[in-house]
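Here is the structure we will look at.
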Amino acid sequence: MENPWKKIALSDYENHMGLDSVSQLQAMNVMTKDQLSRHPAKTVMLLGIAGGNGLEHIDTRKVQTLYGVDVNQKYLTACAERYPKLKNTLVCIQADLTAPVLELPPAELVIANLLVEYIGYKCFQNILSVVCPAHVSCIIQVNTGLEFVSDSPYAHVFDGLASVHHPMEESALAAVLLESGFHLAGRLEKRLPNAKKLVCLDFKGGWLP
């Protein structure tokens, strides 16, 4: 089965996320800036980079290489076109992160924002075993309502995501990363409209063989 993210136009995704009634694009931009400032690293891997929301906050004097990973090649192409100032820093990698065998470069910091929900805990563990970061920062969406996709004129384009969506819990994610040698080092949350909030969980440590 083809990954449903390959069928979602970037414009539909960003228009939905940027609606005042959703406000995730705006919140994620600020939270990504904070993630980068909290975890200085020369090599950063941003999983599920989409259109590169937040990349304007990359300080190329500090970040030597930024790996942007996504399953949708059109997203990666748009990302590279939007940030020409990062042409010597940004390395785009098209990859299905649910594949049992992955070829990914090592990175000191892995950022996974609204990503683990669509690949599951075990696939995320597999990624970390390949990349071997020192720090991991994840943003997950916590619903206090019934739907994981907020209602909007664009909501129908996300119908296919139900087939790859994994229920996400803070405690379960922390337990899975602890198995991989990463200890919870910080937590922040941002409340959103429509009975939702974004929770950022920071981990430090490293993969234990």
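The values are calculated or read from the model by the stated rules, or taken from the named source; none is laboratory data. Because the structure is a prediction, the values reported are computed rather than measured. FYI the Cβ positions are ideal-geometry reconstructions off the backbone, even for glycines, and counts take in every protein chain you see. When the accessible area is computed, the model is the full protein with side chains, heavy atoms only, and any ligands, DNA or RNA have been set aside. Shrake-Rupley method; radii C 1.70, N 1.55, O 1.52, S 1.80 Å.
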- prompt: How large is the charge dipole for region 6-90, taken about the Cα centre, if only the Cβ atoms of Lys, Arg (+1) and Asp, Glu (-1) carry charge, to the nearest 20 debye?
  reply: 380 debye
- prompt: Each residue of region 101-108 in order: what ³J(HN,Hα) in whole Hz does its phi give by Karplus 6.51 cos²θ - 1.76 cosθ + 1.60, θ = phi - 60°, with x for Gly and Pro?
  reply: 10, 10, 10, 10, x, x, 8, 6
- request: Note down the accessible area of M168, probe 1.4 Å, to the nearest 10 Å².
  value: 30 Å²
message: Using a 1.4 Å probe on the protein heavy atoms only, what accessible surface does H57 show? Give it in Å² to the nearest 10.
response: 60 Å²
statement: Hull volume per residue for the chain, using the convex hull of the C-alpha atoms, in Å³ is 110 Å³
message: So if a site counts as exposed when it's one of the trypsin sites (Lys or Arg not before Pro), its DSSP state isn't H, G, I, E or B, and it has at most 15 other Cβ atoms within 10 Å, what's the longest stretch of the chain without one?
response: 88-209
query: Dipole size in debye (nearest 20) for region 1-43 around its Cα centre, Lys and Arg Cβ +1, Asp and Glu Cβ -1?
result: 280 debye
Efficiency of FRET between V142 and Q73 - r from beta-carbon atoms, R0 22 angstrom, step 0.05: 0.10
field: region 162-203: GluC sites (Glu not before Pro) falling in loop per DSSP and having at most 16 other Cβ within 10 Å
entry: E169
statement: With +1 on the Cβ of every Lys and Arg and -1 on the Cβ of every Asp and Glu, the dipole magnitude of the chain about its Cα centre, in debye rounded to the nearest 20, is 640 debye
statement: Length gained if A172 through A99 is fully extended, taking 0.36 nm per residue and subtracting the Cα-Cα distance, is 24.1 nm
field: Projected label distance in nm at A162 and S129, using a 7 Å step from Cα toward the beta-carbon
entry: 3.3 nm
